[in-house]
Structures are given as C-alpha cells and as structure tokens.
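Enquirer: Structure in structure tokens, see below.
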Amino acid sequence: MVGNDMMPWSEKYRPQKVAQVAHQDEVVRMLSSALDDGQGNLPHLLFYGPPGTGKTSTALALCRQMFGAQHFKARVLELNASDERGIKVVRDRIKTFAQTSVPEGRITNKETGRAVPAFKIIILDEADAITTDAQTALRRTMETFSLTTRFILICNYISRIIAPLASRCAKCRFMPLPMSAMRAHLSHIASGEGLSISTQLLDHMCEASEGDMRRAITTLQSTSRMAGPGGDMDDEALVTAACLVPESVLDDFEAAVLGSCSFKDMSLVLTNIVDDGYSVSQLILQFGRRIQENTRASIAGLSDLQKSAVVLKLAEAEAQMIDGADEWLQLQDIGGRLRETVQCATNQGSLRHTIQSV
Amino acid sequence: MTGVGKMEQEHKRSGLMWVDKHRSTNLAKLEVHKALNVRLLNLVRQGDVPHLFFYGPPGAGKRTRVMGVLHELFGASAEKLRVQHRVFKLGDPPKEVEMTLVMSNHHVEMNPSDVGIKDRLVVQEMIKEIASSVPLDAFQTTKKKEQNAAGPEPQGAAAAGANTSNNSAAHKPAFKVLVLHDVDRMSRLAQQALRRTMEKYARTCRIIMLATSASKVIEPLRSRCLGVRVPLPSDTELVQVLRHVANKEGFIVTDSFGAKVVASSGRNMRRALLQLEASKSQNYPFSAEQQVTKADWELACASISDLMLVQQAPRTLLTVRQKLYDLLTHAIPADIIFHAIVANLLRQVDQELAPQLVAHAAMYEHRMQKGSKPILHLEAFCARFMQLYKAYLSAIMDLF
Ligand SMILES: Nc1ncnc2c1ncn2[C@@H]1O[C@H](COP(=O)(O)OP(=O)(O)OP(=O)(O)O)[C@@H](O)[C@H]1O
Ligand SMILES: [Mg+2]
C-alpha cells in the first residue's frame with residue numbers, strides 16, 4: 001500500500017487476516033475453519049461487542065480472504081450507518097445486489113488457490129442504528145436470498161437487534177481486550193515504529209483503554225508523538241492522551257462530596273472541575289471504581305447502604321447525561337445527594353427512602 | 001451563539017472585535033495552556049495525526065487551537081477563509097438543507113447540528129462526499145478553478161493527479177481536514193453515521209470534532225479520536241491576556257478592574273475580552289467603583305434570578321416568561337440560559353436550600369433536553385423554584 005506512513009496507527013495496523021485479530025479466539029477459530037474447509041459453509045453471522053474490539057476488521061478480513069481482492073467488489077456489499085438504511089433501501093439496494101447472479105462453475109481465489117464460495121456477503125455494520133421496522137423488512141429479505149447470500153450483522157449492543165433476526169445468525173461475541181492481549185499488540189506496534197517504552201507505561205496505557213484496542217493504539221501513538229522527537233514519554237503525557245481524570249482531581253472531588261465542607265465550598269470545587277474541562281462521565285466512571293475498590297478511608301467508612309445510594313446516584317446522573325443533560329448541573333446534583341447520603345449516616349430509614357426514590 | 005454562527009461572525013468582523021483581532025493562530029506563541037500547545041505541535045509535526053476531538057467549556061480556546069493545528073499543518077493558506085451559504089438537496093425524497101461552510105483550500109468547517117434532525121443527512125451525504133472526494137477544490141462549485149502554485153494542470157491529468165492537485169507544496173500533508181462544531185449537539189443517528197466514514201477515508205481526510213461536553217458524544221466516536229481536553233484559562237492566565245490586549249490597544253487595565261473582569265467572566269476568555277472592550281467604551285480610565293459592562297443576555301438572566309428572589313408570585317412568573325421568550329428568540333441556547341439562572345441563584349440562596357435547588361434544576365434541565373419545547377421546562381423550573389423558596393422563607397419566619 002502506498003502512503004501508509006501517513007495513516008493514523010489505528011488504521012495502519014488494522015488486521016488484514018482473520019488470524020491476526022487479537023484475543024477473539026473463539027470467533028477466529030470458527031471463521032478460520034469456515035475458511036479452511038473450502039466448502040464455503042458459512043452461516044449468517046452476528047458480531048457484537050464494545051467499540052474497538054475487532055468487529056469490522058474481522059468481517060472485512062473474512063471477506064477478503066474468501067474472495068480475494070479480485071472478487072471482493074462483486075461479492076461483498078458493505079452498508080454502514082453512513083448509508084441510508086431505511087426500509088426502502090433495505091428492500092431495493094440489498095435486492096439488487098443479491099439478485100445479480102454469480103458466475104457458475106469453479107472460480108479460484110488466486111491468492112489462496114482455494115475455490116471461491118458461490119455466495120455473496122452483505123455486511124450490515126453499525127446495525128444498532130437500523131430501525132426496528134427496517135429490521136423486520138430485512139428478515140424477509142434474508143429468507144428470500146438465503147441460498148445465494150450471507151449476512152454479517154455488526155452491532156455494539158445485541159439488544160438492539162430484533163429477536164427474529166438475531167435468531168437466524170450464529171452469534172459471535174467480541175470481548176473487551178484483556179491487559180495481556182493489549183500489551184502484546186502494543187509492544188508489537190511499538191517495535192514496528194522503533195519506540196522504546198517502559199513496561200510500566202505500557203501497562204498504564206492498556207489499563208487506561210478499558211479493553212478498547214483502537215483507543216490503546218491511538219493513545220500509544222499520541223503519547224509518543226506528543227513527547228516530541230527524543231522526548232520522554234511520561235505518565236502525564238499519557239493522562240493527557242487517554243483523557244483520564246488525574247488522581248489528584250479525583251481526590252479533590254472525593255474530599256468535597258464525602259467530606260464536611262459547606263455546600264458552597266463543595267459547589268466551587270465541582271464548578272472548577274467542569275471549568276477545567278474534565279468529562280463528568282469519565283469522572284463518574286473512575287470514582288465508581290474507587291467505591292468498588294473500597295480501599296480509601298472515606299469510602300471504607302460508609303455503610304453498604306450508603307455505598308449503594310452513592311452508586312445509584314452516579315448511575316442516574318450518567319444516564320441523564322447520555323440523554324443530553326448539562327454536566328455542571330448533574331455534577332452539582334451528585335454533590336448534593338452524596339453529601340446528604342454521608343450526613344444521614346445515622347438515619348437508615350431516610351436512606352432507604354433515598355434509594356427507593358432514585 | 002455557538003458553532004458556525006460564531007465562526008461566521010468571527011470571520012465577518014475579524015479585525016473589529018479584540019477577541020478576534022488579537023487571536024494568534026501560532027500555537028508556539030499562544031499565552032494560554034502552553035504545555036498543551038507544545039504537545040499539540042509535536043503531535044501534528046508528523047503526517048500521521050489521528051482524528052482529533054477537542055472538548056471543554058465554551059470560551060476555553062478550542063477553535064483557536066484548531067486553527068493553530070491547521071496553521072501548523074498547512075501554513076498560512078489555511079487561514080485564507082471564505083464563507084459559503086449553500087442550499088443542498090439531501091435525502092430521498094430530497095429535502096432542502098441550508099448550510100454555512102467556512103473553508104480554506106485545505107479544510108472545511110461546518111456545524112451539522114444547525115440543521116436539527118436533518119443533521120443525519122448532512123453526515124450521510126455531504127460529509128461522506130467531502131471525505132471521499134480527494135481534492136477540496138473539486139467540492140467548490142464556485143466559479144474558477146483554484147490557481148495552483150505549480151500552474152494549472154492539464155485537463156487529462158485531472159483524474160490521475162487528483163491525489164496531489166491540492167498540495168503542490170510537497171511538504172504539506174496529502175489529506176484535507178473536516179472541522180465539525182458542536183458534535184455534542186448532533187443527533188444520535190448523525191453521530192452514528194460518522195463512524196465508518198472516519199475510518200474508511202482516513203487516508204484522505206482527517207476529522208477534527210469540537211464539543212463542550214464529552215459525555216454527550218457516543219463512545220464509538222470518542223474511540224476513533226485522540227481526545228484533547230481544553231480547560232478554561234486560569235485566573236492568572238486570563239489577567240495576562242487582558243494585559244496583553246490592553247497593551248496592544250494602548251491602554252491600561254488596573255489590577256482591581258482586571259480582577260473584576262476575571263471574576264465576572266467565570267474564567268471564560270471570550271466573555272472576558274468582550275466585557276473588557278465593552279467596559280472600556282463605557283468609561284475609561286476605569287474608575288474605582290466601575291462595574292464590568294456585561295452582555296444583554298447575561299443581564300437578562302441575572303434579572304430573572306433576582307426577580308424570583310424578590311417576589312414569588314404568579315405576576316413574577318409572567319415577567320419571567322417574557323424575558324425567557326426574549327432570550328430564546330435572540331438565539332441564546334436554552335441550556336446556557338438555564339445554567340446562568342441557576343448559577344445566579346446558587347450564589348444567593350442559603351446553604352440549606354442549595355441542595356434542593358440543584359436537585360430540581362438538574363431534573364428540569366434533563367427534561368428539557370429530552371423534550372422539544374425548552375420554554376416549558378425553563379418556566380416549570382422557575383415556578384417550582386419560587387414555590388420552594390417561598391416555603392423555605394415562611395419556614396424561617398415560623399422560627400421567630
Ligand atoms: N482484536 C483486535 N486485534 C487487533 N487489532 C484490533 C482489534 N480490535 C481492534 N483493533 C484495532 O482497532 C481498530 C478498529 O477496530 P475495528 O474497526 O475492528 O473495531 P470495531 O469492533 O468495529 O469497533 P466499532 O464498534 O467502534 O465499530 C483496528 O484498525 C485495529 O487497529
Ligand atoms: Mg466497526
């Protein structure tokens with residue numbers, strides 16, 4: 001490929017073969033055997049899992065290996081959320097593609113020497129965004145063309161796919177990548193780019209990426225680039241690149257909402273956090289983890305009931321922000337509620353009430 | 001005012017208002033967020049920059065940094081901006097969509113959320129087209145073909161040379177940049193529609209997204225970018241900037257007046273400079289008792305809070321409603337109004353009432369975001385607050 005040097009690393013290092021996909025062993029095994037058996041036995045597939053775990057890469061690699069670059073265009077239709085996918089398109093575009101006949105007789109994939117299977121593949125990527133009505137229409141289409149066409153549906157949340165569609169597919173779950181897999185992959189990229197990087201920093205990078213390989217790769221690239229030629233890659237650069245809320249800011253937050261300062265003082269601390277641009281959902285995520293770990297004095301001192309009240313409030317605020325609610329107001333409200341929860345330590349009854357009312 | 005509206009205004013009046021006149025696009029020279037600027041410079045010096053996502057409060061300097069990045073990538077020609085209002089026919093059946101584009105030879109800026117729920121069509125059709133078509137010039141339906149430093153290209157070579165026609169200066173990156181404002185205001189479907197486009201055309205197009213609130217951008221999009229947090233300037237940085245601008249304009253900001261501007265601007269750089277300019281034209285030299293001159297909408301929001309604290313009655317609600325309507329018709333975003341009113345109230349009410357105030361505000365603001373008529377929820381909040389406040393006051397009276 002020409003000009004690959006100009007590509008962001010997450011694209012530059014996109015797996016080109018199914019076997020190169022890290023960690024998703026079960027999926028890789030199943031697809032590899034489908035590739036190997038040469039009969040072209042392939043069910044409809046449903047890939048699901050969080051962002052950056054290899055779904056799109058795997059689907060494209062599978063098709064590339066099945067058909068080779070030569071037949072890819074004629075045999076594969078990729079539709080994603082950037083394409084109009086209303087009912088009409090599902091009917092028309094998919095029909096047109098599925099109906100054009102594939103040549104009879106044996107065709108060889110020049111790259112592998114294997115026979116090219118006699119079907120076509122339609123990839124419906126980012127299927128979370130397809131309306132229920134269009135999915136229903138799709139069900140019929142899938143049945144009609146099932147002899148000549150295989151579907152690969154890809155989504156983040158399997159619950160967004162209607163049951164009659166999902167039940168027609170073999171389900172492939174893509175897992176968040178564990179530390180070990182990310183570490184190995186990042187080391188591989190780092191050596192490819194001629195970077196030297198401490199194991200400790202590498203570990204922090206993997207941790208910060210929450211199982212999202214794409215994010216890990218972008219963080220690696222950015223942390224090293226931001227350091228400048230010959231500059232030191234350090235944790236601070238990493239925190240910047242990974243958009244984490246630094247521990248010191250979490251400490252301030254914890255002291256303000258669980259401590260004994262006045263509402264106004266707490267409110268000021270919270271306003272500063274928002275003014276400093278920290279993402280409130282990221283803050284909630286990291287603070288929720290502190291509650292789970294239960295190692296800090298001000299948290300370990302809370303009763304189980306209090307802790308559940310805190311977590312419930314965090315979850316409620318997170319959901320409301322996803323609806324578009326204002327971060328500053330939500331954070332102030334979290335502060336108010338958490339203070340109340342801590343201060344009504346003696347009053348179990350009212351705490352129960354708080355929990356029920358959330 | 002947000003996004004393209006803002007960038008267009010900036011473009012029109014550049015050289016008029018101090019905010020814009022003294023904006024530097026040289027990252028190395030900016031006085032605010034120096035450490036971040038250095039990191040950004042290092043990042044974009046290699047041609048393989050990832051997509052970028054700048055997030056942080058309004059007035060923090062996100063767009064300034066974006067312009068700095070473009071300048072570093074493409075040189076001064078990225079600052080030769082032109083504005084186009086265009087009507088596109090998008091969708092099937094085609095709907096008319098009016099968009100404002102600000103562009104240079106290397107980048108296009110737009111705010112898809114300006115067109116409401118039709119933003120999905122903008123992403124699916126326009127953005128995809130811009131991202132996939134290689135030379136930006138091809139996208140300009142305007143008259144002349146851009147004069148290339150290398151000279152006009154022969155017609156026949158157009159297809160083959162598509163990849164390079166745009167960057168005859170060899171050191172310039174071979175991609176264009178698409179700057180999207182207010183991504184957090186874009187609909188879910190529009191955000192979804194951006195996902196694969198960002199990956200598929202990464203070779204020819206980098207996307208820079210801007211948003212106030214990172215939490216409102218879907219995870220798959222955030223996963224595709226390097227996030228760059230831009231905080232509001234610190235008080236010290238703000239004072240420095242005020243001094244710097246005053247120095248260039250040939251006047252003096254006293255310490256005490258500088259502190260007043262910093263306090264009343266809420267660390268917002270844009271607001272601080274606007275206030276400084278307005279205050280100076282009101283009265284200069286600054287007197288000891290001079291108040292900072294604020295924008296009309298800020299005064300209106302403050303007066304709404306004050307009215308509610310003075311008298312909690314149906315009559316007040318009528319006045320408040322009128323003021324809210326005025327603000328909305330002047331295109332002040334509802335969430336900014338909400339924010340300003342609550343912040344004013346929070347400064348003035350007693351400690352005991354504050355938790356209830358924020359709890360109700362958070363609830364009504366959330367409803368406003370889910371609903372479709374902001375005025376209803378703004379008003380409902382005001383009515384509810386007055387009720388709360390009245391009950392609180394009478395409870396205090398009972399104590400005596
Ligand atoms: N399992 C993996 N092994 C190796 N690289 C991976 C893996 N998963 C993701 N990546 C890296 O992340 C990039 C994006 O992966 P991909 O497009 O497959 O994600 P996805 O699961 O489709 O995510 P989304 O849900 O956001 O669309 C790839 O280009 C690759 O660099
Ligand atoms: Mg994908």
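Enquirer: Restricting to helices (runs of 4 or more DSSP H) lying wholly in region B:1-76: which have 3 or more residues that are among the β-branched types (Val, Ile, Thr) and either within 16 Å of residue B:107 (Cβ to Cβ) or modelled with pLDDT under 80 (or both)?
Expert: Working: elements: B:3-13, B:18-21, B:34-45, B:62-74.
Per the criteria, B:62-74.
Enquirer: Please indicate, with yes or no, whether at least one residue in region A:228-235 is among the hydrophobic types (A, V, I, L, M, F, W, C) and modelled with pLDDT under 90.
Expert: yes
Enquirer: I would also like to ask the following. Taking residue A:89, is it away from ligand 2 (no atom under 16 Å from the Cβ), of a type in the set (Val, Ile, Thr), over 23 Å from residue A:191 (Cβ atoms) and within 12 Å of chain B (Cβ to nearest Cβ)? Full working, then the answer.
Expert: Working: away from ligand 2 (no atom under 16 Å from the Cβ): yes; of a type in the set (Val, Ile, Thr): yes; over 23 Å from residue A:191 (Cβ atoms): yes; within 12 Å of chain B (Cβ to nearest Cβ): yes.
For residue A:89, the condition - away from ligand 2 (no atom under 16 Å from the Cβ), of a type in the set (Val, Ile, Thr), over 23 Å from residue A:191 (Cβ atoms) and within 12 Å of chain B (Cβ to nearest Cβ) - is met.
Enquirer: Turning to a different aspect of this structure: Quickly run through region B:53-97 and pick out the residues that are open to solvent by 50 Å² or more (accessible area, probe 1.4 Å) and more than 30 Å from residue A:276 (Cα to Cα).
Expert: Step one: filter region B:53-97 for residues open to solvent by 50 Å² or more (accessible area, probe 1.4 Å), giving B:58, B:71-72, B:76, B:79-80, B:82, B:85, B:87, B:89, B:92-96.
Within region B:53-97, B:76, B:80, B:82, B:85, B:87, B:89, B:92, B:93, B:94, B:95, B:96 qualify.
Enquirer: Does residue B:225 fit the bill of being within 14 Å of another protein chain (Cβ to nearest Cβ), at pLDDT 90 or above and within 16 Å of ligand 2 (Cβ to nearest atom)?
Expert: When the stated conditions are applied, residue B:225 passes them.
Enquirer: Taking residue A:274 as the residue in question, decide whether it is more than 14 Å from residue B:215 (Cβ to Cβ) and either in a helix (DSSP H, G or I) or within 8 Å of chain B (Cβ to nearest Cβ) (or both).
Expert: So residue A:274 fails the test.
Enquirer: Quick one: which of B:114, B:92, B:119 is assigned to a helix (DSSP H, G or I), out of contact with any strand residue (DSSP E or B) (no Cβ under 8 Å at 6 or more places or on another chain) and charged (D, E, K, R)?
Expert: Step by step, each of B:114, B:92, B:119 is checked, and only B:119 is assigned to a helix (DSSP H, G or I), out of contact with any strand residue (DSSP E or B) (no Cβ under 8 Å at 6 or more places or on another chain) and charged (D, E, K, R).
Enquirer: Determine whether residue B:349 is among the β-branched types (Val, Ile, Thr) and closer than 14 Å to residue B:309 by Cβ.
Expert: Yes; evaluated as a whole, the condition is true for this residue.
Enquirer: Here's something else I'd like to know. When the residues of region A:207-226 are filtered to those that are more than 10 Å from chain B (Cβ to nearest Cβ) and surrounded by fewer than 24 Cβ atoms within 10 Å (Cβ to Cβ), which remaining residue is nearest to ligand 2 (Cβ to nearest atom)?
Expert: Of everything passing the filter in region A:207-226, A:211 is nearest to ligand 2 (Cβ to nearest atom).
Enquirer: Another question, then. Which pairs turn up if I take residues in region A:168-191 that are free of Cβ contacts under 8 Å to residues at least 60 places away in the same chain and open to solvent by 10 Å² or more (accessible area, probe 1.4 Å) and look for partners that are within 14 Å of ligand 1 (Cβ to nearest atom) and assigned to a helix (DSSP H, G or I) with beta carbon separation below 6 Å, at least 6 apart in sequence or on another chain?
Expert: A:179/A:206; A:183/A:206
Enquirer: Right, something else. What number goes with the only condition from (1) open to solvent by less than 60 Å² (accessible area, probe 1.4 Å); (2) within 10 Å of chain B (Cβ to nearest Cβ); (3) under 17 Å from residue A:339 (Cα atoms) that residue A:264 does not pass?
Expert: (1)
Enquirer: Please return the ranges of helices (runs of 4 or more DSSP H) entirely within region B:194-275 where 2 or more residues are acidic (Asp, Glu).
Expert: B:235-249
Enquirer: Let me ask something else. Can you tell me which residues in region A:237-281 are free of Cβ contacts under 8 Å to residues at least 40 places away in the same chain, aromatic (Phe, Trp, Tyr) and farther than 21 Å from residue A:212 by Cβ?
Expert: Across region A:237-281, the qualifying residue is only A:253.
Enquirer: Could you run through region B:188-215 and say how many residues are open to solvent by 30 Å² or more (accessible area, probe 1.4 Å) and within 30 Å of residue B:271 (Cβ to Cβ)?
Expert: Total satisfying the criteria: 1.
Enquirer: Pairs only if they're at least six apart or on different chains, beta carbon under 9 angstrom, first in region A:36-57 and within 11 Å of another protein chain (Cβ to nearest Cβ), second away from ligand 1 (no atom under 16 Å from the Cβ) and in a loop (DSSP other than H, G, I, E, B); list them, first residue then second.
Expert: none
Enquirer: Of everything in region A:287-345, what is small (Gly, Ala, Ser) and within 24 Å of the chain's Cα centre (by Cα)? Give them in sequence order.
Expert: A:288, A:315, A:317, A:319, A:324, A:325
Enquirer: Check A:49, A:68 and return the single one that is more than 16 Å from ligand 2 (Cβ to nearest atom), closer than 19 Å to residue A:151 by Cα and either under 28 Å from the mean Cα position of the chain (by Cα) or open to solvent by less than 20 Å² (accessible area, probe 1.4 Å) (or both).
Expert: Criteria check complete, one pass: A:68.
Enquirer: Name the residue, out of A:195, A:202, that is open to solvent by 40 Å² or more (accessible area, probe 1.4 Å) and more than 13 Å from ligand 1 (Cβ to nearest atom).
Expert: Step by step, each of A:195, A:202 is checked, and only A:195 is open to solvent by 40 Å² or more (accessible area, probe 1.4 Å) and more than 13 Å from ligand 1 (Cβ to nearest atom).
Enquirer: Turning to a different aspect of this structure: Out of curiosity, is residue B:341 of a type in the set (A, V, I, L, M, F, W, C), assigned to a helix (DSSP H, G or I), over 20 Å from residue B:311 (Cβ atoms) and within 24 Å of the chain's Cα centre (by Cα)?
Expert: no
The values are calculated or read from the model by the stated rules, or taken from the named source; none is laboratory data. Nothing here was measured: the structure is a model prediction, and the numbers come from that model. Cβ: placed from backbone, ideal geometry, glycine included. Neighbour counts: every protein chain shown. Ligands, DNA and RNA are excluded from the accessible area calculation, which covers all protein heavy atoms including side chains. Shrake-Rupley method; radii C 1.70, N 1.55, O 1.52, S 1.80 Å.
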